[in-house]
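Working notes, structure below.
Values quoted throughout were computed directly from the atomic coordinates according to the rules given, and no laboratory measurement underlies them. Keep in mind that this is a model prediction, so the values were computed, not measured. As a convention, Cβ positions derive from the backbone with ideal geometry for all residues, glycine included, and neighbour counts pool all protein chains shown.
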């Protein structure tokens with residue numbers, strides 16, 4: 001497979017602060033890669049480095065087989081969409097779309113053609129003669145995407161493009177972005193702190209923390225087989241339940257709880273006995289009639305119930321600790337009630353407590 | 001139970017026609033002549049009157065003939081309106097050897113103002129742009145040094161500048177004075193522009209770079225069209241500053257032929273020959289103040305907007 005963007009041993013320092021450390025990342029042609037992390041993890045910084053808006057301290061950046069480490073942003077073959085839209089306020093939509101092309105001294109007819117094509121793709125024809133001030137948030141973001149589109153580039157960079165929109169519009173534009181990617185088949189690199197956006201849009205997700213990548217994988221891998229405690233905790237809402245205990249080579253023990261790890265597929269060969277942490281997603285807890293047939297059975301006490309319509313979140317006590325369970329929205333539970341649950345070890349995640357890595 | 005209650009109220013609201021409400025409802029009534037209002041507006045009126053009175057005296061006196069002024073009533077409106085003092089102030093009043101009035105000084109001032117204005121605003125805006133958007137190593141130090149320049153009293157530099165201008169052969173000429181105005185206007189205007197540009201979102205600048213725009217292209221095509229208010233603020237500050245300047249004009253201009261309007265006004269008012277023509281002096285003063293006044297009236301609205309924008313974001 002050909003790589004569209006390659007990041008090799010990238011370092012970035014601001015004075016004494018190391019923002020990115022020895023970062024390596026290959027992004028395939030036509031791939032939708034999401035850089036996901038909490039604020040300050042270096043994801044936007046990495047994107048700015050790829051765009052050429054920040055000078056790197058060490059390492060190389062390759063785009064489409066060309067070393068662009070020292071190239072100007074406009075010569076890298078990238079288009080970028082910003083969180084605040086960054087439309088030029090005094091120009092019309094058409095002026096915004098054609099500004100970059102005019103700077104590249106492109107013939108007028110070609111500019112016109114490209115603007116029309118971008119307007120077709122994004123359905124912004126009626127807006128072409130308006131100024132950004134007269135557009136709604138969603139329309140502005142669409143024009144910002146159009147500005148990247150007219151450049152006819154191989155790589156699109158998105159810096160939290162939906163974060164300034166309200167929830168409903170965000171969901172709509174998310175779907176539209178996915179459709180756009182299917183239609184254009186460009187390489188897209190997308191920075192966000194919203195895990196729903198990451199899960200729904202990405203071909204692969206890179207979860208970042210402290211300037212390095214914690215895990216790079218498909219949304220399915222990230223969700224089902226997190227490589228370490230940080231990723232396991234970061235992905236999923238409500239977040240995973242963690243129970244600390246001991247692993248003896250076949251089963252996990254914590255207090256009165258004993259769980260045989262039948263059906264669990266280990267990361268490598270079956271590990272030796274060690275201190276371990278087990279992670280169970282609230283939505284993977286089996287409740288109701290099915291609980292009786294589950295591989296591992298426990299009883300919990302219900303403390304608090306949060307009905308959310310589509311499902312109900314139950315805060316219960318298991319072995320003296322808080323345990324979150326996601327149940328069907330129609331389930332009848334009340335605080336103080338005892339709730340039998342079942343756990344399938346094959347859907348759980350087991351981590352070494354010391355190294356925080358997946359076992 | 002709660003459900004039943006909600007249902008009942010909804011039903012009632014549907015069926016019952018608009019209810020008569022007892023007690024206060026709607027906007028609270030305001031009295032036009034409350035004690036607070038009288039105090040506030042009364043104070044404002046007195047202060048405004050106090051402030052406007054000298055201007056009134058000047059205008060009234062400039063429209064009177066000398067005999068009427070000598071009668072004494074400075075607050076009385078003119079019995080017979082005459083524009084002769086204005087004409088005399090503009091084209092006949094004597095300063096030393098020249099007797100062609102303020103018009104000579106006016107044109108000198110215009111010749112000083114226009115180039116100073118254009119050069120100082122051009123340099124300061126580009127300075128501010130470079131210092132806020134294209135930060136280079138040491139740009140903060142450079143800015144600090146520039147700011148120190150703004151706080152050194154002018155008097156300290158008066159004589160050294162005389163020597164410097166003499167050495168480059170500009171002492172006594174209008175171009176020398178222009179150079180001085182440009183130099184002294186730079187720190188404050190650079191600060192003004194830098195702070196305004198710093199409030200422009202960084203992403204806009206990044207987007208322009210991705211679009212392939214360079215230093216000048218970003219400045220002229222993106223930044224400048226967005227920054228009209230701050231250019232107006234700089235314009236007003238420079239026009240009033242340069243037009244009203246007396247110290248530099250009297251120091252760096254060597255010949256009465258080239259004195260700016262303010263210096264010439266001083267010479268007219270202070271001339272000791274003959275009778276003091278108060279009406280001519282008042283008219284001359286009003287004429288001198290006219291240019292900044294016009295600038296204020298024309299661009300006052302934009303000025304306030306620019307100052308306010310700077311205050312909130314800068």
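Judged by the gyration tensor of its Cα atoms, with axes a ≥ b ≥ c, the stretch A:1-47 is oblate; a/c meets the 1.5 cut and b/c is at least as large as a/b. Which percent, to the nearest 5, of DSSP beta bridges fully inside the protein assembly as shown are antiparallel? Looking only at bridges with both residues in the protein assembly as shown, the antiparallel portion is about 75 percent.
Computed on the stretch A:1-61, with alpha-carbon pairs under 8 angstrom and 6+ residues apart, the relative contact order is 42 percent.
Rank by packing, highest mean first: peptides A:110-123, B:36-49, A:219-232, with packing defined as the count of other Cβ atoms within 10 Å averaged across residues. Walk me through the intermediate numbers first.
Details: A:110-123: 16.2, B:36-49: 10.2, A:219-232: 19.1.
So the order, starting with the most tightly packed, is A:219-232, A:110-123, B:36-49.
In whole Å, what is the distance between the alpha-carbon centres of the stretch B:168-184 and the stretch A:14-91? Between the Cα centres of the stretch B:168-184 and the stretch A:14-91 lies a distance of 49 Å. Each Cα pair under 8 Å and six or more residues apart adds its sequence gap; the mean of these over the residue count of the stretch A:96-168 is a relative contact order of 38 percent.
Between residue A:66 and residue B:154, the modelled label-to-label distance comes to 5.6 nm, taking each label 7 Å out from Cα in the direction of the beta carbon. Remark: A:261, A:80 ranked as A:261, A:80, counting other beta-carbon atoms within 10 Å and listing the fewest first. Modelled this way, with points 7 Å down the Cα-to-C-beta line, the labels at residue A:321 and residue A:39 are 3.0 nm from one another.
Counting neighbouring beta carbons within 10 Å and listing from fewest to most, the residues A:92, A:187 come out as A:92, A:187.
Computed extension gain for residue B:270 through residue B:297, at 0.36 nm per residue and net of the alpha carbon distance, reaches 6.7 nm. Looking at the square roots a ≥ b ≥ c of the eigenvalues of the Cα gyration tensor of chain B, which shape do they give, rounded for a/c under 1.5, prolate if a/b is larger than b/c, or oblate? Cα axes put chain B in the oblate bin.
Set the Förster radius R0 to 30 Å, insert the Cβ-Cβ distance between residue B:164 and residue B:97 as r into 1/(1 + (r/R0)^6), and round the FRET efficiency to 0.05.
On the way: r = 30 Å, r/R0 = 0.99.
For residue B:164 and residue B:97, the calculated efficiency is 0.50.
For chain A, averaging the sequence separation of C-alpha pairs within contact (under 8 Å, six or more residues apart) and dividing by the residue count gives a relative contact order of 16 percent. The order of B:206, A:297, going from fewest to most other C-beta atoms within 10 Å of their C-beta, is A:297, B:206.
Considering every residue in B:199-208, what mean count of other chain Cβ atoms within 10 Å of its Cβ is obtained? Each step should come with its number before you reach the end.
On the way: counts 0, 1, 5, 4, 10, 7, 2, 10, 16, 7.
That works out to 6 on average.
Taking every DSSP bridge with both residues inside the stretch A:118-264, close to 70 percent are antiparallel. Is the C-alpha gyration tensor of the protein assembly as shown telling us rounded, prolate or oblate? Criteria: a/c under 1.5 is rounded; beyond that, a/b larger than b/c is prolate, otherwise oblate. Taking the square roots of the gyration eigenvalues as a ≥ b ≥ c, the protein assembly as shown is prolate.
Modelled this way, with points 7 Å down the Cα-to-C-beta line, the labels at residue A:353 and residue A:337 are 3.4 nm from one another. Separation of the stretch A:319-335 and the stretch A:239-257, taken as the distance between their Cα centroids, equals 20 angstrom.
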